[in-house]
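Colleague: Here it is: the structure, laid out below.
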């Protein structure tokens with residue numbers, strides 16, 4: 001499955017609240033989500049390799065799974 005991370009989500013990774021969450025953590029988390037996501041949905045409780053907890057807002061589009069934003073805890 002192709003994972004597409006929006007510019008907004010990449011920008012959020014630079015914020016202090018999302019510190020120590022990497023693109024690889026996001027890709028691994030999104031690939032764990034089963035099924036089809038027709039509308040933007042928030043998925044909670046993922047952990048980065050650093051131990052940081054985060055949520056993802058994602059939806060499926062024709063080209064793959066679109067990650068709209070990341071919310072660090």
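Every residue, every condition in (1) in contact (Cβ under 8 Å) with a residue 60 or more places away in the chain; (2) in a helix (DSSP H, G or I); (3) in contact with a helix residue (DSSP H, G or I) (Cβ under 9 Å, 6 or more places away or on another chain), yes or no:
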site	(1), (2), (3)
24	no, yes, no
27	no, yes, no
30	no, yes, no
35	no, no, no
39	no, no, no
42	no, no, no
46	no, no, yes
51	no, no, no
54	no, no, yes
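Colleague: Quick check: is even one residue across segment 41-53 more than 15 Å from residue 3 (Cβ to Cβ), within 10 Å of the chain's Cα centre (by Cα) and surrounded by 11 or more Cβ atoms within 10 Å (Cβ to Cβ)?
Modeller: Yes, segment 41-53 contains at least one residue that is more than 15 Å from residue 3 (Cβ to Cβ), within 10 Å of the chain's Cα centre (by Cα) and surrounded by 11 or more Cβ atoms within 10 Å (Cβ to Cβ).
Colleague: Determine, yes or no, whether residue 4 is outside any loop (DSSP other than H, G, I, E, B), under 21 Å from residue 62 (Cβ atoms), modelled with pLDDT of 95 or more and within 9 Å of the chain's Cα centre (by Cα). Give the derivation first.
Modeller: Numbers: outside any loop (DSSP other than H, G, I, E, B): yes; under 21 Å from residue 62 (Cβ atoms): yes; modelled with pLDDT of 95 or more: yes; within 9 Å of the chain's Cα centre (by Cα): no.
Criteria not met by residue 4.
Colleague: Looking at (1) assigned to a helix (DSSP H, G or I); (2) loosely packed, with under 13 Cβ neighbours inside 10 Å; (3) without any contact (Cβ under 8 Å) to a residue 24 or more places away in the chain, can you tell me which one residue 10 breaks?
Modeller: (2)
The values are calculated or read from the model by the stated rules, or taken from the named source; none is laboratory data. Since the model is a prediction, treat every value here as computed from it, not as a measurement. Glycine gets a Cβ as well: all are built from the backbone with ideal geometry, and neighbour counts include every protein chain shown.
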